[in-house]
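A short worksheet on the structure shown next.
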Amino acid sequence: ANGAALGLSWDQGNANGVWADISHHQLKGKNVADNTRSRLMAGYYRRLINTPHERLTVGVNTMLWRYQKDLSEYTLGHGGYYSPQQYASLSLPVSYARRTVNWSYILEGSVSVSASRTGDMSYYPEQGLIADPWQDLASQNVSYADFIAGNSFKGGSSRGVGYSITGLVERRLNDYWVLGTGLDWRYSEDYSPSRAM
């Protein structure tokens with residue numbers, strides 16, 4: 001990814017804070033079609049409780065992404081990375097943290113809605129990578145145009161809802177040792193990683 005990104009944030013330690021990030025990159029790889037990516041992300045948060053030992057924060061985040069090509073498949077020439085032509089999401093995060101002399105914990109959760117759109121994409125977006133096989137097929141009266149006409153990944157649009165919950169707790173054993181555990185659970189229609197620590 002070659003390009004530029006600009007990140008901005010404002011937080012004076014009081015109740016309100018905002019952040020924003022804008023970037024544009026050209027994506028290149030070996031045996032992968034070139035692509036471009038533009039992202040605009042921003043958020044606002046408010047601390048409803050803001051003391052040295054306790055914090056409750058709510059916020060709203062939005063993301064707008066645009067890729068020139070959908071290269072999310074795994075055939076030769078694709079990149080295998082999520083790359084919709086248009087993607088938009090809105091999330092509402094909540095975070096609560098508290099600590100005492102020996103204990104500290106944090107609980108975070110969010111709900112999000114998203115929409116994306118992708119266009120049709122050839123099985124093999126880099127024709128030069130498969131030039132020799134096509135020459136062999138051409139001798140059998142099979143043309144690349146005829147093959148691609150019926151063999152492409154079909155685009156479309158989708159909408160979804162996602163959820164996430166993260167919980168961490170630590171117990172201070174002495175001045176040098178801390179014992180902790182945590183759970184991170186995320187769910188959306190096609191992506192639901194979870195982990196425990």
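The values are calculated or read from the model by the stated rules, or taken from the named source; none is laboratory data. Predicted model only: the values in this text are computed from it and were never measured. Positions of Cβ are backbone-derived with ideal geometry, glycine not excepted, and every protein chain shown enters the neighbour counts. When the accessible area is computed, the model is the full protein with side chains, heavy atoms only, and any ligands, DNA or RNA have been set aside. Shrake-Rupley method; radii C 1.70, N 1.55, O 1.52, S 1.80 Å.
Give the residue, chosen from L92, L56, that is open to solvent by 70 Å² or more (accessible area, probe 1.4 Å), hydrophobic (A, V, I, L, M, F, W, C) and more than 15 Å from the chain's Cα centre (by Cα).
It is L92.
Of all residues being modelled with pLDDT under 95 and within 30 Å of R98 (Cβ to Cβ) in region 12-49, which is most open to solvent (accessible area, probe 1.4 Å)? Just the residue, please.
Among those that are modelled with pLDDT under 95 and within 30 Å of R98 (Cβ to Cβ), it is Q12.
Condition (residue is closer than 30 Å to Q12 by Cα, among the hydrophobic types (A, V, I, L, M, F, W, C) and at pLDDT below 95) applied to region 95-112: is it met by at least one residue?
Yes, because at least one residue in region 95-112 is closer than 30 Å to Q12 by Cα, among the hydrophobic types (A, V, I, L, M, F, W, C) and at pLDDT below 95.
Out of the strands (runs of 3 or more DSSP E) lying entirely within region 1-54, which hold 2 or more residues that are of a type in the set (K, R) and more than 26 Å from L129 (Cβ to Cβ)?
So the answer is 32-51.
Any residue in region 1-27 that is farther than 30 Å from G79 by Cβ sitting within a Cβ distance under 7 Å of a residue that is acidic (D, E) and open to solvent by 40 Å² or more (accessible area, probe 1.4 Å)? List the pairs, counting only those 6 or more apart or interchain.
So the pair list comes out as G17/D11.
Using beta carbons and a limit of 7 Å, which pairs, at least six apart or on different chains, have the first residue in region 44-72 and touching a residue at least 60 places away in the same chain (Cβ under 8 Å) and the second one open to solvent by less than 80 Å² (accessible area, probe 1.4 Å)?
Every condition considered, the pairs that remain are D70/S83; D70/P84; D70/Q85; D70/T118; D70/G119; D70/M121; D70/G155.
Let me confirm something: among L6, L71, L107, which residue is of a type in the set (A, V, I, L, M), touching a Phe, Trp or Tyr at 6+ places or on another chain (Cβ under 7 Å) and open to solvent by 80 Å² or more (accessible area, probe 1.4 Å)? So that I can check it myself, show each step before the final result.
Working: L6 fails: touching a Phe, Trp or Tyr at 6+ places or on another chain (Cβ under 7 Å); L71 fails: open to solvent by 80 Å² or more (accessible area, probe 1.4 Å).
Within the list L6, L71, L107, the selection yields L107.
What are the residues in region 150-193 that are more than 18 Å from S91 (Cβ to Cβ), under 23 Å from the mean Cα position of the chain (by Cα) and of a type in the set (S, T, N, Q), if any?
Answer for region 150-193, where residues must be more than 18 Å from S91 (Cβ to Cβ), under 23 Å from the mean Cα position of the chain (by Cα) and of a type in the set (S, T, N, Q): just S157.
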